[in-house]
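The values are calculated or read from the model by the stated rules, or taken from the named source; none is laboratory data. Source: prediction; values computed, not measured. Ideal geometry is used to build each Cβ from the backbone, glycine not excepted, and the neighbour counts take in all protein chains shown.
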Amino acid sequence: MPIRMGFAKDDLVLEVGLDSDCDSTIRDQIMAITGTAFLEEAASEVVDAVVLWWRDGDGDLVDELMDALTYLSESGPIWVLTPKAGRDLHVEPSDIQDAAPIAGLSQTSTIALAGDWSATRLVARKAGKR
């Protein structure tokens, strides 16, 4: 349910990790809400959110999160979409929990999406008050 993901009309969304196993229904729902097409990895615009399709064996999650932060607005989330438990290429939640703080992010929620995917919301950690 991308509606629960907090997307809004006119949001620019960078999509990373698109492959044939990605859920087209989730993608279509996000684009219907935003009214914009996903930007691809080669984009240079500042975006309101990043959708990162991530599977076991895709590489270094910390590096991918750091790359995503390059394009993300200060308040925008990174949604890490991973195959649900029991599915091929499932990613352990601890992998995301471990990678997020190294990349300067905090995990705020995880939701089950339609079909075979879960989504974990990461946001930039706020600097401590002095």
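Count of the stretch 85-99 residues, restricted to those that are outside any loop (DSSP other than H, G, I, E, B), among the hydrophobic types (A, V, I, L, M, F, W, C) and in contact with a Ser or Thr (Cβ under 8 Å, 6 or more places away or on another chain), is 1. All of 64, 74 fail the test of being over 16 Å from residue 99 (Cβ atoms) and among the acidic types (Asp, Glu), apart from 74.
Screening residue 8 on (1) of a type in the set (A, V, I, L, M, F, W, C); (2) in contact (Cβ under 8 Å) with a residue 12 or more places away in the chain; (3) loosely packed, with under 12 Cβ neighbours inside 10 Å; (4) more than 27 Å from residue 126 (Cβ to Cβ) shows it passes everything except condition (4).
Reported count of residues in the stretch 21-56, each being at pLDDT 95 or above, part of a loop (DSSP other than H, G, I, E, B) and closer than 19 Å to residue 99 by Cβ, is 3.
Within the stretch 62-85, how many residues turn out to be out of contact with any strand residue (DSSP E or B) (no Cβ under 9 Å at 6 or more places or on another chain) and touching a residue at least 40 places away in the same chain (Cβ under 8 Å)?
The initial filter retains those residues of the stretch 62-85 that are out of contact with any strand residue (DSSP E or B) (no Cβ under 9 Å at 6 or more places or on another chain), namely 62-63, 66, 70.
The next check asks that each one be touching a residue at least 40 places away in the same chain (Cβ under 8 Å); those that pass are 62.
Number satisfying all stated conditions: 1.
Test residue 59 against the stated conditions and say whether it is surrounded by fewer than 16 Cβ atoms within 10 Å (Cβ to Cβ) and touching a residue at least 60 places away in the same chain (Cβ under 8 Å). No: the conditions fail for residue 59. Under the condition of being at pLDDT 95 or above and on the phi > 0 side of the Ramachandran plot, the residues counted in the stretch 1-16 number 1.
Can you name every residue in the stretch 100-125 that is of a type in the set (A, V, I, L, M, F, W, C) and in a loop (DSSP other than H, G, I, E, B)?
Listed by number, the residues that qualify are 103, 113, 114.
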